[in-house]
Every structure is written in structure tokens, then in C-alpha cells.
1. If residue 192 satisfies every condition in (1) closer than 23 Å to residue 108 by Cα; (2) under 15 Å from the mean Cα position of the chain (by Cα); (3) surrounded by 15 or more Cβ atoms within 10 Å (Cβ to Cβ) but one, which is the exception?
2. Tell me which of these residue 162 doesn't satisfy, since it passes every other one: (1) assigned to a loop (DSSP other than H, G, I, E, B); (2) touching a strand residue (DSSP E or B) at 6+ places or on another chain (Cβ under 9 Å); (3) surrounded by fewer than 14 Cβ atoms within 10 Å (Cβ to Cβ); (4) modelled with pLDDT of 80 or more.
3. Run down 211, 219, 172 and say which single residue is farther than 20 Å from residue 119 by Cα and surrounded by 15 or more Cβ atoms within 10 Å (Cβ to Cβ).
4. Only one residue in 43, 32 is assigned to a helix (DSSP H, G or I), in contact with a helix residue (DSSP H, G or I) (Cβ under 7 Å, 6 or more places away or on another chain), at pLDDT 90 or above and assigned by TED's automatic domain parsing to the domain that holds residue 123. Which one?
5. Can residue 195 be described as part of a helix (DSSP H, G or I) and modelled with pLDDT under 90?
6. Here are some residues: 170, 140. Which one is at pLDDT below 85, farther than 30 Å from residue 5 by Cα and either out of contact with any strand residue (DSSP E or B) (no Cβ under 9 Å at 6 or more places or on another chain) or assigned by TED's automatic domain parsing to the domain that holds residue 212 (or both)?
7. Within the stretch 78-120, track down each residue that is at pLDDT 85 or above and more than 23 Å from residue 16 (Cβ to Cβ).
């Protein structure tokens, strides 16, 4: 995906917030194909306009929530990646959002760089014809490799035993090696729900203790990157 030509649709019931998002994204070179404020319009316009990214609030103006719209798009095999951008953090709705197969989840108030980083990461995952990476073995620093198929870490060809959450953390970072992965995206991948970021920091601290402090870099409080 040529990110400079990426098309984004904004689904937001607050026009002021929507227009702000539109302006900052246009300054980055993204094309905003539409702004809608209902779940029904989100579903219809996504089919008509074929955006690459849908920035979706959860609470909308009709009886279809953003989570329901995202699930409908997923079930209809819409290729657009849905990123929730919302102030709504009720646990039951968050769980529903996870089940909707959305790409990411950003809580308001957000930072602009958090939006940009999540969009870049989502677009970098685009593969023509749905092809997967040729190799599932990701070379890392200091003689380490991570095998995506088995979620296994090796050091000089010797397996390094890791607990499940540590393996899940390394999996998402290895898939995006060299790119920042947001705190929210990591939490959804590792725990299946949003967590207090101190819980994530604790997990990162423990794995750094096992494989070295220089392997995982913190990116300005936004997320983490595997070097």
C-alpha cells in the first residue's frame, strides 16, 4: 500500500471531532473519502467508496453501534481496516469491539502521533492478493530468532522457554519489527482486552530481563518496537 494515496473514512457523531481528524489527516497526505455519523451509513459508504481505513467511533447517531458496524463489515469481507477512536470505555462494549475484528482501538483523548502510528501500522500490513510473508522466521538482535508459526523464541538455535503472554507480545512485535505498535494494539493481541498500561509495562520489563534491555524500545509512551 502506497500510504500517500491511502483513503480514509471517518465515522463520528461529533462533527467538530470529525472535522479535526479530517484536517490533521489531510495534512499528512491522506484522502478523506467521507465523514458519516451513523452505523448504517458506515456500512453502505464502506461498500461504495472502498476506503483503506475506517476511523470509527462506537457511539453513533442511529441504532447501529460502531462495534456492530465493524462486525458487519468484517462478516461481509470488507477489506477496510477498522480502527476505533472513541471515548467509550465500558467493558462489555470493549469486549464486543474486540470480537468485531477491528484492527485497533484508540481511546480519547488521543495524541495525533498515536493516530498516525496506528494508521501507518495498519497500512503496512496490506498484502496484495492476501499473500503471507514468505518466511515465518524473524531474525532479531544478538543471535535471537522468532518463529511466528510456533510462537517460539530461539537463541543461537536453542529454544528459549517463554510464558504464553510473553510469546504473544513477541509475536505482534516481531510481525511489525522496526515499526511502533501501539499500547492498545498490544493489549488487544496479548490479553484480548484493553489493560492498564502499567500491566503492559510490567510484561515488557519481565521479558527485557530475560532477553536483554536493548531488544524492545519504548516509543514516546505510545507503544513499543522490536529492534
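The values are calculated or read from the model by the stated rules, or taken from the named source; none is laboratory data. Keep in mind that what you see is a predicted model, and the values were worked out from it rather than measured. Every residue, glycine as well, gets a Cβ built from its backbone with ideal geometry; the counts of neighbours run over all protein chains shown.
1. (3)
2. Every condition holds for residue 162 apart from (3).
3. 211
4. 43
5. Working: part of a helix (DSSP H, G or I): no; modelled with pLDDT under 90: yes.
Criteria not met by residue 195.
6. The unique qualifying residue is 140.
7. Listed by number, the residues that qualify are 78, 79, 80, 81.
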